[in-house]
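Visitor: Would you mind keeping the following structure in view while I ask a few things?
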Amino acid sequence: MVAEAISEGRAGGDFWAGVRLSMPVVVASAPFALLFGTIAVDNGFSVLEAFLMSAMIYGGASQMVGIELFGQHVAPWLVVLSIFAVNFRHVLYSAGIGRRIAHWPVLQQAVGYFILTDPQYAIAEARAESGRPVGFVWYLGLGLPVYVFWVIESGLGAVFGKLIPNTHALGIDFLLPIYFLGLVLGFRKRPLWAPVVAASAAASIIAYRTVGSPWHVSIGAVAGVLLAVILPPHHSGVGKRP
Amino acid sequence: MSTTFWIILAGAVATYLTRVGGHLVISRFETIHPRVEAGLNAVPAAVLTTLVAPELLHAGPTEWAALVVTALVSLRGGLMAMFLAGAAVLILARQFVG
C-alpha cells in the first residue's frame, strides 16, 4: 500500500514535470496551429477536416505543405508523398528514441511514437542523456498538452479564420526557429556537436537553394549524421563505454 | 468519404510510419555498431539545425538579434529562459524596426 502510494505520487510528479517542460512548446506552436486552421479553410478544407488533419497527422510543417498543395489542386498522391517527405526526419528520431523507450509495453510505445514531434524527441533525448529515465508518464506529460492544444487551436483557427491581426509584428513566423535554436544549443556538450551542426547547416542551406524545400531537411540531417558515422569512433565518444 | 478525408488518412498513415519506422528497422539488429550509434547520437543536432539554418538566409537584423540573444542566454539559462528571451527581443525589435 505504502509503496504503491509512493510510486503513484512519483508518477504524478513525473507527469507534471513533463507538463512543465511542455509549456514553451505549447506557446511556440499555438500561433502555428491557429495559422494552420485559417489557411486550411482558405484552401478548401472544412473545419472538421482541418481538425481531423491536426488530430491524425500532428505534424505542423507537413500539414502546412499538404494544405498548400491541396489548395493548388495537386494530385492527391503527390500531396500524401509531400507530407511523407516533410515528415521523413522522424525516421531518425524514431531510431534514436527507440533505444530509450524499448522497455515500455507495446501499446505505450505505439502511443509514444504517435506523439514523437521535434521538441518531444529533443527534450526526451536530452533527459535520457542526463542519465534520468524516460518513463511513459513523464513522456505523456510532455506530449499530451502539446497535442491537445495543437488540435483545439487548429479548430479555433479554422472557425475564426483571420484570428491573428498582424502575424509579423508578433514575430510569429520566427518563434519556431528561435525555439529550435535553443534545442540545438542544448545538445552542445555532445561529442562532435560543432562539426555535425556545421555540416548540417551548410548542407541544408545548399539544398534549400538548389533542391528546395522540404528536401533540405532530410538532406541536411543526413549530412550531419553521415559525418558522425564516417569520423573514427574515438572522436564520437561511443566506443569508450564499458 | 471525400477525397480530402482520404488524403488526411493516407497522410496520417505515412506520418506514423516515419515515426515508428526508424525504431522498427534499428531494433532488428541485436547489437548496434559503434558507428551507427555515433550517427544516432548526432541526430538531434543534425535535424534541428536544418530547421534553423535556412531561416538565416532571409533573416534581417531583428531576427539575428533574437538568435544572438537566444544563444547568449543558452550559456546560462534553461530552454524556457532561452526561448522567452529570444522571443521578447524579436517582438520588441519588430515594433520599432518592422
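The values are calculated or read from the model by the stated rules, or taken from the named source; none is laboratory data. As the structure is a prediction and not an experimental result, all values here were calculated from the model. Glycine also receives a Cβ, built like all others from the backbone with ideal geometry; neighbour counts cover every protein chain displayed.
Visitor: Given the condition modelled with pLDDT of 85 or more and more than 19 Å from B:Ala87 (Cβ to Cβ), answer yes or no: does some residue in the range A:230-242 qualify?
Guide: At the first step, the residues of the range A:230-242 found to be modelled with pLDDT of 85 or more are A:230-231.
Remaining after also requiring more than 19 Å from B:Ala87 (Cβ to Cβ): A:230-231.
Within the range A:230-242, one or more residues are modelled with pLDDT of 85 or more and more than 19 Å from B:Ala87 (Cβ to Cβ).
Visitor: Do we have any residue at all in the range A:63-73 that's out of contact with any helix residue (DSSP H, G or I) (no Cβ under 9 Å at 6 or more places or on another chain), at pLDDT below 90 and surrounded by fewer than 20 Cβ atoms within 10 Å (Cβ to Cβ)? Even if it seems obvious, please write down each step before you answer.
Guide: Kept after step one, since they are out of contact with any helix residue (DSSP H, G or I) (no Cβ under 9 Å at 6 or more places or on another chain), are these residues of the range A:63-73: A:72-73.
Pick out the ones that are also at pLDDT below 90 and you get A:72-73.
Still in the running and surrounded by fewer than 20 Cβ atoms within 10 Å (Cβ to Cβ): A:72-73.
Within the range A:63-73, one or more residues are out of contact with any helix residue (DSSP H, G or I) (no Cβ under 9 Å at 6 or more places or on another chain), at pLDDT below 90 and surrounded by fewer than 20 Cβ atoms within 10 Å (Cβ to Cβ).
Visitor: Say whether the condition of being modelled with pLDDT of 95 or more and among the aliphatic types (A, V, I, L, M) is met by at least one residue in the range A:157-168. It would help to see each step written out before you state the result.
Guide: So the first thing to find is which residues in the range A:157-168 are modelled with pLDDT of 95 or more, and the list is none.
Taking every residue of the range A:157-168 in turn, none turns out to be modelled with pLDDT of 95 or more and among the aliphatic types (A, V, I, L, M).
Visitor: Hey, can you tell me all the residues within the range B:33-49 that are farther than 18 Å from A:Ser218 by Cβ, buried (at least 24 other Cβ atoms within 10 Å of the Cβ) and not aliphatic (A, V, I, L, M)?
Guide: Across the range B:33-49, the qualifying residue is only B:Asn41.
Visitor: Any residue at all in the range A:89-101 that is assigned to a helix (DSSP H, G or I) and more than 24 Å from B:Gly21 (Cβ to Cβ)?
Guide: Taking the range A:89-101 as the starting set, the residues that turn out to be assigned to a helix (DSSP H, G or I) are A:90-101.
The next check asks that each one be more than 24 Å from B:Gly21 (Cβ to Cβ); those that pass are none.
Looking through the range A:89-101, none of the residues is assigned to a helix (DSSP H, G or I) and more than 24 Å from B:Gly21 (Cβ to Cβ).
Visitor: Also: Is there a residue being surrounded by fewer than 20 Cβ atoms within 10 Å (Cβ to Cβ), of a type outside the set (A, V, I, L, M) and closer than 21 Å to B:Leu57 by Cβ anywhere in the range A:148-162?
Guide: Looking through the range A:148-162, none of the residues is surrounded by fewer than 20 Cβ atoms within 10 Å (Cβ to Cβ), of a type outside the set (A, V, I, L, M) and closer than 21 Å to B:Leu57 by Cβ.
Visitor: Another question, if that's okay. Looking at A:Gly143, is it closer than 24 Å to B:Phe29 by Cα, assigned by TED's automatic domain parsing to the domain that holds A:Pro24, crowded, with 20+ Cβ neighbours inside 10 Å and not acidic (Asp, Glu)? Walk me through how you get there before you give the answer.
Guide: Numbers: closer than 24 Å to B:Phe29 by Cα: no; assigned by TED's automatic domain parsing to the domain that holds A:Pro24: yes; crowded, with 20+ Cβ neighbours inside 10 Å: yes; not acidic (Asp, Glu): yes.
When the stated conditions are applied, A:Gly143 does not pass them.
Visitor: Please go through (1) farther than 30 Å from A:Val137 by Cα; (2) assigned to a helix (DSSP H, G or I) for A:Val74 and return the number of the only condition it doesn't satisfy.
Guide: Of everything listed in (1) farther than 30 Å from A:Val137 by Cα; (2) assigned to a helix (DSSP H, G or I), A:Val74 misses just condition (2).
Visitor: Within the range A:74-86, does at least one residue satisfy the condition of being within 25 Å of B:Ser27 (Cβ to Cβ), among the small types (Gly, Ala, Ser) and within 11 Å of the chain's Cα centre (by Cα)?
Guide: no
Visitor: Right, here's the next one. Looking only at residues that are more than 8 Å from chain B (Cβ to nearest Cβ), surrounded by fewer than 19 Cβ atoms within 10 Å (Cβ to Cβ) and in contact (Cβ under 8 Å) with a residue 24 or more places away in the chain in the range A:182-234, which one is farthest from A:Ser62 (Cα to Cα)?
Guide: Checking each candidate, the answer is A:Pro195.
Visitor: Within the range A:77-88, which residues are part of a helix (DSSP H, G or I) and not aliphatic (A, V, I, L, M)?
Guide: Restricting attention to the range A:77-88, the residues satisfying the condition of being part of a helix (DSSP H, G or I) are A:77-87.
Result: A:Trp77, A:Ser82, A:Phe84, A:Asn87.
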